[in-house]
1. With respect to the numbered conditions (1) among the β-branched types (Val, Ile, Thr); (2) touching a Ser or Thr at 6+ places or on another chain (Cβ under 7 Å); (3) free of Cβ contacts under 8 Å to residues at least 60 places away in the same chain, which one is the sole condition not fulfilled by residue 133?
2. Tell me, which residue of region 199-244 that is of a type in the set (D, E, K, R) and in a helix (DSSP H, G or I) is surrounded by the fewest Cβ atoms within 10 Å (Cβ to Cβ)?
3. Is it the case that residue 61 is among the hydrophobic types (A, V, I, L, M, F, W, C) and not assigned by TED's automatic domain parsing to the domain that holds residue 143?
4. With respect to residue 87, determine if the residue is more than 20 Å from residue 213 (Cα to Cα), in contact (Cβ under 8 Å) with a residue 24 or more places away in the chain, among the aromatic types (Phe, Trp, Tyr) and in contact with a helix residue (DSSP H, G or I) (Cβ under 8 Å, 6 or more places away or on another chain).
5. Does residue 4 qualify as being within 23 Å of residue 223 (Cβ to Cβ) and of a type in the set (Val, Ile, Thr)?
Amino acid sequence: MRSIAAAPHMLWAGLFIVVPLIIVLFFAFTDEDGAFSFENITSLADYGDIFLLSMELAVIATFICLIVGYPLAYIMAKAEPKKQKIFLMLLMLPMWTNLLIRTYSIMALLDDGGFINQLLGTDFHIIGTKGAVIFGMVYDFLPYMVLPIYTCISKIDKHMWEAASDLGCAPIQVMTKVIFPLSMSGVISGVTMVLVPSISTFYISQKLGGGTFELIGDVIERQFVSNCHNVGAAISLVMMILILISLGIMNKFGDTDNGGIIV
């Protein structure tokens, strides 16, 4: 019965996970004629600057999400149960809207004649800058940082906070020596869940970047649209390897036996 129940899931995983990966591998290591070749892999050196730019913006966006998301997750975890539900609803409410609509909404806010410039009475140019792309990444991926941290903090035994205070720890010491180490697994999960999609995003950079620069996701889309499947598959393969490395790190440090504390 277990095998029968698992059969649809195995079929789904095979058709939509394993088969696409095999296709990507095939195109990454073949030329236009289908012959085996490493040319696609060696050509990735031409996109080194774009990859570094993508990594730079993704790291900045992830850092901002962590700085903003951790205090928010802490406030949510310490709130009353009813207020926690309200916080969660407000956090998840934007996620119910399609990414396309959310991105266009950000464009309306940041445009030269948008709401922010009208409110400030200025003509500050934001669209087409790296700052606009980072803002879009933070806006879209912030919940992925908050939720795992909130889950970890809410599971910490409140008696540990009280014990640390009774032993003479100041509030900042309780945070740095108790709460933060015990929530480290959530931090690692959040960083991974924000960093990976931030590196590979393409629609946010196209709309908020104004076409002034490209990220690695834009390059992958352009390669497939222009029927250069081999190079696009090679870049996608590198991104998949990066995702697997990130998942390996998350699995290694995300669920430690000492409650999330990394020694």
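The values are calculated or read from the model by the stated rules, or taken from the named source; none is laboratory data. Predicted, not measured: the structure shown is a model, and the values here were computed from it. Positions of Cβ are generated from backbone atoms using ideal geometry, with glycine treated the same way; all protein chains shown enter the neighbour counts.
1. Residue 133 satisfies every listed condition except (3).
2. Taking region 199-244 and keeping what is of a type in the set (D, E, K, R), we get 207, 214, 218, 221-222.
With in a helix (DSSP H, G or I) added as a condition, the list becomes 207, 218, 221-222.
On the way: 207: 18, 218: 19, 221: 16, 222: 14.
The residue in question is 222.
3. No; evaluated as a whole, the condition is false for this residue.
4. Numbers: more than 20 Å from residue 213 (Cα to Cα): yes; in contact (Cβ under 8 Å) with a residue 24 or more places away in the chain: no; among the aromatic types (Phe, Trp, Tyr): yes; in contact with a helix residue (DSSP H, G or I) (Cβ under 8 Å, 6 or more places away or on another chain): yes.
Spelling it out, it is not the case that residue 87 is more than 20 Å from residue 213 (Cα to Cα), in contact (Cβ under 8 Å) with a residue 24 or more places away in the chain, among the aromatic types (Phe, Trp, Tyr) and in contact with a helix residue (DSSP H, G or I) (Cβ under 8 Å, 6 or more places away or on another chain).
5. Numbers: within 23 Å of residue 223 (Cβ to Cβ): no; of a type in the set (Val, Ile, Thr): yes.
When the stated conditions are applied, residue 4 does not pass them.
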